[in-house]
Amino acid sequence: MLYDKLCQKVNLMFREQSEEFRNKWEEERKKKVEEARKRYLKAEEEYEKIMSVHKKEDIEFKKAYSKYIREFTKYLRAQTEYDRNDFAQTIKFARLNVEPHQVVFFGQIFLIFSILFFVVIDLIVFLLSHNLIITLFAVLLTIIVPFFGYFFIVNYPFMRANSLRIKMLGFMPEAISYMVMSLYLNPSLEHAVAFASENTEEPLATDLKKILWGVYLREHDTIEDAFVKFAYEWGKWNDSFKRALYTLRISSMRSTEEERKETLDKASNIIMEGSKRDLIAYAEALYVPTMILFSIGVMLPLILASLLPITPIGEDMTWLLVVIFDIVIPLGFFLYAKKIIDEKPVLSTPPELEVHMTKNEKNLLIVISVLIGAVFFYLGLVNTTYVGSSWFLWAFSIPLAIYLLVTSYPMKPEHDAIVEMNDDFPDALFNVGSRVAEGEPFEVALQRVVDLMKGSAIEILFRRILYALKTTRDSLEEILFGPNGILKDKSTKVINTTMRVTLDAMKKDNITAGNMIISIANHLREMKGIEKDMKTKLRSATSMMQMTALYFAPITIAVTLVLYAVISGKLEQVSAILPENSMFSIGFLKVHHISPYAFSIIMIVYTYLTVIITGYFYNNLMYGDDPIQNRFELGKMLIVAPILYTVSLYFLDKFFSGFL
């Protein structure tokens, strides 16, 4: 990734300095341990002297003993930190191919060169500009940017590790469930790890594969040793996952089938309860960051915009409005929103659907969208009133909306059918399992579920399976997973994986197979329940921001523009008829205000960026990394915003023109 490459490149450019820094880094780490050791030995020597002179009841003895224990504890802590090297462990967990000293050295080089760069910029601004505000703004950037960049570079491994840890909250129950499913059928820990690694998402899948690689490469004597080490390492980041893994290890040691299943159920309960607790805590903790994001990214700019009509801001300050409303606020809004999104747990894998368009068709769509945008942009240029400037919002929004909707709407029915199928699958599987446990053949159980769940997407899937069983001589495995199998599409990954386990379960007797299928269905139900609770809490925290940005913001900006145009126009009229030396003809009335047309363009860009960032934030929180759903929802928002803005601006202009 880019961070790795930049860090390595900077350390390579300054190789000698980097190596020197590395040596100093190690010396400092060793020095801390050595200093703690010296203090401990000194305290031990003093304690031995006091012990030979004083009794245990004496104050001197107690003080010496307390100091000895305190220094000994500090020494052990320093030695443990040196051996454990938390920074290196964090970098490893974050999947960064760098070393701790390289990260710190990269940050220091950035700090030095960025300060030099901004000092040069400050000198140029000071010599060429006589505007105090511009000079102060340049100095402020010199203070903020270098130190913020240094802080970001040095702390990025911790931020990325924390983001991955939270994202893994959704994959951990999935991995445990897959191992539980496998161990239900076969008490082989190796087979269970292999099955989970094939079906779990990255980066957890790779770490599971490393368990097997460690055994094959003789790094560990047995799969059990490698598994326990994996559980210990991941336990630093999630205690529930560690306890569930330990419980799975214990299950393979149980002597009877009943004890083994009981232990497997216990492992499943541990990870489900722990994940539910962690996910709900995350959703509740999200309320405050969302409110901060909502206040700073949406409400504060709207308040500032509503005050601008009565603020003496002249044409020479146009750049300041552009920087604040079109750069600083949207950039801060986006970065904070992205930080929240990056730390959101991934609860489910969205359908993997490709856009059914050729490269030439995509290029044609882009050309058409750009041409439509160019037409609206031209209309905005020739209509130099603040009402006519609304065409610019159409020029920005409609081309992107067209592209997003055209590349998502045709796949939406298939996408929704897959989502509905995955939602109904646990109930359908439970019904199949209960029928099989009662002694019915698998085909008959499927037919009963089809009759029970008429009108659902899962009914269509099961009907296709039944039809293939009746009209072909292929086995059920070939029908589902053969070259032309019904479940070959990765878009039904959960169903695909579960049906493989179900087929293996059907090789046993009906009662055993039915109970196993019911257990699998219960696991899937619990996962769906956690996901539903999570979305409910997230929706309550984010729906207000979405509604405000989509509906309230365009109308508020339209009101602000009309008020600005009316007030600035009246002030110019009053200023023109006042005597030149009148006490009222100076200050606020004599300010050459920004033209309503230019002001409207500034606010249109802000409105456009706010809608996009809000849509990105809300859609990613609610739907996750689902490109089809995200494109479709954002496309709709980009159509609604310009319509609301234009209609509001038109009627408000007519209303105020009639009164004034």
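The values are calculated or read from the model by the stated rules, or taken from the named source; none is laboratory data. Treat the numbers as computed from the prediction; the structure is a model and nothing was measured. In this analysis, Cβ positions are derived from the backbone assuming ideal geometry, glycine residues included, and neighbour counts consider all displayed protein chains. Side chains are part of the model used for accessible areas, which takes the heavy atoms of the whole protein and leaves out ligands, DNA and RNA. Shrake-Rupley method; radii C 1.70, N 1.55, O 1.52, S 1.80 Å.
Starting from residues that are β-branched (Val, Ile, Thr) and at pLDDT below 75, keep the ones in the stretch 126-146 and report whichever is surrounded by the fewest Cβ atoms within 10 Å (Cβ to Cβ). Selected residue: ILE133. With respect to the conditions (1) under 19 Å from PRO345 (Cα atoms); (2) surrounded by fewer than 18 Cβ atoms within 10 Å (Cβ to Cβ), GLY274 lacks only one, and its number is (2).
Scanning the stretch 312-333 for any residue that is over 26 Å from ALA565 (Cβ atoms) and surrounded by fewer than 16 Cβ atoms within 10 Å (Cβ to Cβ) turns up at least one such residue. Restricting the stretch 281-290 to residues that are among the hydrophobic types (A, V, I, L, M, F, W, C) and surrounded by 15 or more Cβ atoms within 10 Å (Cβ to Cβ), the residue that is nearest to LYS535 (Cα to Cα) is ALA283. For the stretch 361-395, the set of residues classified as open to solvent by less than 30 Å² (accessible area, probe 1.4 Å), free of Cβ contacts under 8 Å to residues at least 60 places away in the same chain and among the hydroxyl-bearing types (Ser, Thr, Tyr) consists of SER369 only. Scanning the stretch 454-472 for residues that are part of a loop (DSSP other than H, G, I, E, B) and open to solvent by 80 Å² or more (accessible area, probe 1.4 Å) gives a single hit, LYS454. If I filter the stretch 473-496 for residues that are open to solvent by 10 Å² or more (accessible area, probe 1.4 Å) and either at positive phi or of a type in the set (Phe, Trp, Tyr) (or both), do I get at least one hit? Yes. When the stretch 243-271 is filtered for residues that are of a type in the set (D, E, K, R) and open to solvent by 20 Å² or more (accessible area, probe 1.4 Å), the ones remaining, listed by number, are ARG243, ARG249, ARG254, GLU257, GLU258, GLU259, LYS261, GLU262, ASP265, LYS266.
For the stretch 429-439, a residue qualifies if it is more than 21 Å from ARG500 (Cβ to Cβ) and either at pLDDT 85 or above or charged (D, E, K, R) (or both), and exactly one does: GLU438.
One line per residue, one yes/no per condition, for (1) among the hydroxyl-bearing types (Ser, Thr, Tyr); (2) touching a Gly at 6+ places or on another chain (Cβ under 7 Å); (3) modelled with pLDDT under 85:
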| position | (1), (2), (3) |
| --- | --- |
| ARG448 | no, no, no |
| SER456 | yes, no, yes |
| GLY482 | no, no, yes |
| LYS493 | no, no, yes |
| ASN515 | no, no, yes |
| ILE518 | no, yes, yes |
| LEU524 | no, no, yes |
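Annotation note: Cβ proximity below 6 Å between a residue of the stretch 531-555 that is open to solvent by less than 10 Å² (accessible area, probe 1.4 Å) and a residue that is part of a helix (DSSP H, G or I) and of a type in the set (Gly, Ala, Ser) (sequence gap 6+ or interchain) occurs for MET534/ALA283; LEU538/ALA283; PRO554/ALA641.
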